[in-house]
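Report on one structure; see the data block that follows.
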Amino acid sequence: MVGAMVGLLYGSVLAILSLFLFGGGGAHGTSIPLLLSSAPLGVLALVGKLVGEPYTGYGHNAAVVGAPLVWAGLGWLVALSGRERLRLSRILALLHYASGLALVATAGEEPARLQRLLQISPEAVMWATVYLAGQAALWSSMRAGPEARQAIVGAMVGLLYGSVLIYLSIFATGGGHGTPVPLILSSAPLSVVLWSARYFAVASHLLDQALLLSALLVWAGLGSLVALSGRGKSLRLARILVLLQYASGFALVAIILPDAWNVGFPHGWDFFVMVSVWAMLYLLGQVALWWRLRRRNKLGPTV
């Protein structure tokens, strides 16, 4: 059940990012992330495209829904035990790759478009990072022991949590007319170092992408550490790092406070809703994190 839920969350994040990058199929969008994320069910998007309207839209919608289903199934299968499970998991993962590459080749879309998006679009960078991290976790989990698998699941949950926080933080910045507070708090303590680099004439677009990736790294690391069992050094280290995350983030917000909240509503009520959803999700994540740490404190001591 845990494997299926993590896979479902993983597929949902990929689907959301892929849908954003698709952008209605315009000249500035790309279908490559959507086809790769939902393979082999991504074939529904190509079938709809061949048949024509209104089935083109139906096909893409089916591919978006198919991505969470594909990864929920793979996550459930990998979480089971036994050699047959391992063999079938490998076959299905290889089928996913083969069908994904075939779909991209059949779609006739230039991969160079995705490469350009990776250079300028934070969503493209996030999609590529989350997708590759998920594949690394998938293959690592197939042969990992119980404790290592627990750490991998925790890392993936943290990575996906950080992805959603950053996605909402992008809207909160409002293209420079909003507030950077969600972005800073989501990626602390690494945001302190990266934000300081602004005063050394570092290219702003490079810093923005570094902030996005730092949030994924921070929460993947914390998720892995918190997911371990028992007390001991790992539990103390987890508590210290979580408190460091809070202290560094709020300290940086306090330093830039005059500018941090000097914003309007750059996207109308959409801006207000996105910031509110970010705040709610951030707080829920911290509640879940400390609940897990409290549970660990009741277990037997480990290193």
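Since every read-out is calculated from the coordinates, none of them should be taken as a lab result. Note that the structure is predicted; figures quoted are calculated from it, not measured. Neighbour counts run over all protein chains shown; Cβ positions are idealised from the backbone, glycine included.
Brief remarks on what is shown
- Ala128-Val65 pseudo-label distance in nm [points 7 Å out on the Cα-to-Cβ vector]: 3.2 nm
- Label-to-label distance for Leu244 and Val51 is 5.4 nm, based on points extended 7 Å past Cα in the beta-carbon direction.
- The length gained by stretching the chain between Ser276 and Leu80 to full extension, at 0.36 nm per residue less their Cα-Cα distance, is 66.8 nm.
- In nm, spacing of pseudo-spin labels at Arg87 and Ser229 (7 Å Cα→C-beta vector): 2.9 nm
- Segment Met142-Arg236, length gained on full extension (0.36 nm per residue, minus Cα span): 30.9 nm
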